[in-house]
1. Please sort 287-295, 124-132 by packing, taking for each peptide the average over its residues of neighbouring beta carbons within 10 angstrom, highest first.
2. Give me the net charge for the shell around Arg299: Cβ to Cβ below 11 angstrom, other residues only, Lys and Arg +1, Asp and Glu -1.
3. What shape does the range 137-294 take by its C-alpha gyration tensor, where a ≥ b ≥ c are the square roots of the eigenvalues and a/c under 1.5 counts as rounded, a/b above b/c as prolate, and the rest as oblate?
4. Among Ile135, Gly75, Ile266, pick out the residue whose Cα is farthest towards the positive end of the charge dipole of the chain, where Lys and Arg carry +1 and Asp and Glu carry -1 on C-beta, about the Cα centre.
5. What GluC sites (Glu not before Pro) does the range 1-95 have in DSSP loop regions with at most 15 other beta carbons within 10 Å?
6. Figure the gain on full extension for Ser298 and His165 (residue separation times 0.36 nm, minus the Cα-Cα span) and round it to one decimal in nm.
7. Taking a ≥ b ≥ c as the square roots of the eigenvalues of the Cα gyration tensor of the range 113-186, is the shape rounded (a/c under 1.5), prolate (a/b larger than b/c) or oblate?
8. Using a basic spin-label model with each label point 7 Å from the Cα along Cα→Cβ, how many nm lie between Ala174 and Asn233?
Amino acid sequence: MTDGAAAVRFGVIGADHLHLFQMVDRLVAAGATAVAHAPEGGLAGMYAGWRTESTERPADEILADGSIGLVVLAGVPRDRAAVAVAALRAGKQVLSDKPGVTTLQQLDEVRAALGGHAGRPWTVLFSERFENRAIAEAVAMARAGAIGRVVHVVGSGPHLLSAKHRPAWFWEQAATGGILVDIGSHQADQFLAIAAGPDDETAAQVRSASTGNVTCPDHPTMQDIGSMTLVANGIVGDHRLDYLTAVGLGTWGDVRLTIVGTEGTIEARANVDPAGAAGAEHLIVVDADGTRRVDVSSRPADWAEQLLADIADGGERLMTQAHVLNVCDLVLRAQQAATPWGAA
C-alpha cells in the first residue's frame, strides 16, 4: 500500500467493459476503497454483486460527493470523455479505460477541463503495457539503451472477435472511435514511451494509416483491421490491429512488440509463444552476447500503487499528463487520416 492510498475513495461511472474489474481489483489491492457505483452499463449488475461494499448511487451524486477523490470510467467509449470532463470540473481525479476519448473535439474538451490542474488528473490506463510485464520491461530496456539507439518499433495487436459475446455498441465505429483509436491506443502508448525520452513528450507524426472491414459484412461501420505508421525522433513505428485471431490460438490474441536498435533487438510476446514456451509474458533479447529469454516474473505490475502515489502528491510517476494527451491525439489523427484497407 502506498502512502495516502487508504485515503483514496473511488466511485465507478460506466460499467461496459470487462477491463473495469481488473482496474478496480488493482486499486483495491493497492489500498483504495470502492465507495460507490452508478447503475449505468451492461456490467453494472455484475460489478454490484462483486463489490458488495460499493453503494449504488446516481452519477451526479458520485460527482458531488466531496469524499470521493477518484472516478473510474469503463462505460461505452464515446461516453467516457463527457463524464471525465464533469469529474475534472468537480475536482476529481479520473482513471479511464482506453480509449479515453473518441473524437478530437472530445480531446479538446478534456484539455479545457484540465485547466491549471497539477500532476496528471486524467489518466487513461493503457493496460497492455501496464498489465503485461514483458511489454513493460521491453519498453524500459529500450529506453535504458539496452540495444543501442532505437530505430524501428513493430507492434501488433490482434484480437479474437468473439462476436456472440460483443455488446451492440461494439459494432458501431461512432461508439468505439474506430480500431486505431480503440485498440491502437495501446500501440501508440508503447511507441511514444519508447520514442520519447523521459523529459521529451514530442508528439509523433502519422506517416500513413488504413482501416477496413474484411470479415463483418453484417456490420458495415465495424473496422476489424487497421494499420498505422508513426514517426517520432527519427524512430519509425509500424503497427497492425485486427480482430482476425483464429479460435485455435487458445488466448485472445498473439500481441507482440518488437524493438530494433543499432545493437540488438527486443521482442515481447505478451500472451503466447506459438509452438514455443508455455505461458505468457515472454521477453526475448538478441544482442552482441547472443540470444536469451529474460524472466520478468519478479517485475511488479504496480500501476495502481503508482497512480495512488501520484494522486497523493500530484506526481507523474506512472506517466505524464502530456503522454496521455499525446497518445490520444496521435491515434485520433491516425484514425482521421486512414484510407480504405487494400486501396492503392
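Quick note: the coordinates plus some simple rules give every number you see, no bench work behind them. Not measured: the values here are computed from a predicted model. Cβ: placed from backbone, ideal geometry, glycine included. Neighbour counts: every protein chain shown.
1. 124-132, 287-295
2. Local net charge: -3.
3. Oblate.
4. Going by the Cα projections, it comes out as Ile266.
5. Sites meeting the loop and neighbour criteria: Glu53.
6. Extra length from Ser298 to His165 when fully extended: 44.5 nm.
7. Cα axes put the range 113-186 in the oblate bin.
8. 4.0
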